[in-house]
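Accompanying notes for the structure given below.
The values are calculated or read from the model by the stated rules, or taken from the named source; none is laboratory data. Because the structure is a prediction, the values reported are computed rather than measured. Every residue, glycine as well, gets a Cβ built from its backbone with ideal geometry; the counts of neighbours run over all protein chains shown.
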Amino acid sequence: MSGIWPGDIKCVAMLTFDVDGMSSWIRRNPDYGNLPSLMSMAEYGPSVATPRILDILDSHDIKASFYIPGYVGPIHMNP
């Protein structure tokens, strides 16, 4: 019986990443924006983790989808 995947591929996986940054915290309570330690933690994903994930995916030629709130995207765009 032939499957829907080409060649001898038996299994596939889909990788998705949610990069919410500070938006998920500020949405809960706008006053959280005044807590530097919380905002620093929230910024780790977009600022540090996402570039690392992109490098790993690129080194293995893996495609993935990233979901980024409209508020977060412009803050972290490359010039």
Open item on the list: Just to be sure I understand, how many residues within the range 52-75 are assigned to a loop (DSSP other than H, G, I, E, B) and of a type in the set (Ser, Thr, Tyr)?
Closed with: 1
Open item on the list: For Asn78, only one of the following conditions fails: (1) in a helix (DSSP H, G or I); (2) modelled with pLDDT under 85. What is its number?
Closed with: (1)
Task: Flag if Ser65 is over 17 Å from the mean Cα position of the chain (by Cα) and either of a type in the set (S, T, N, Q) or at pLDDT 90 or above (or both) - done: no
Open item on the list: Just checking, does the range 10-21 include any residue being surrounded by fewer than 10 Cβ atoms within 10 Å (Cβ to Cβ) and among the β-branched types (Val, Ile, Thr)?
Closed with: yes
- [ ] Check Asp61 against each of (1) on the phi < 0 side of the Ramachandran plot; (2) loosely packed, with under 13 Cβ neighbours inside 10 Å and name the one condition it does not meet.
- [x] (1)
Open item on the list: Pairs needed: first member in the range 39-58, more than 14 Å from Ser23 (Cβ to Cβ); second member anywhere, surrounded by fewer than 16 Cβ atoms within 10 Å (Cβ to Cβ); C-beta distance under 6 Å; at least 6 residues apart or different chains.
Closed with: Leu57/Ala64
Open item on the list: Take Gly7 and tell me if it is exposed (fewer than 13 other Cβ atoms within 10 Å of the Cβ), on the phi > 0 side of the Ramachandran plot and either modelled with pLDDT under 85 or of a type in the set (Phe, Trp, Tyr) (or both).
Closed with: yes
Open item on the list: Checking the structure you have, find out if any residue of the range 29-44 is exposed (fewer than 10 other Cβ atoms within 10 Å of the Cβ) and either within 13 Å of the chain's Cα centre (by Cα) or of a type in the set (Val, Ile, Thr) (or both).
Closed with: no
Open item on the list: Restricting to the range 1-25, name every residue that is closer than 18 Å to His76 by Cα and either in a loop (DSSP other than H, G, I, E, B) or without any contact (Cβ under 8 Å) to a residue 12 or more places away in the chain (or both).
Closed with: Val19, Asp20, Gly21, Met22
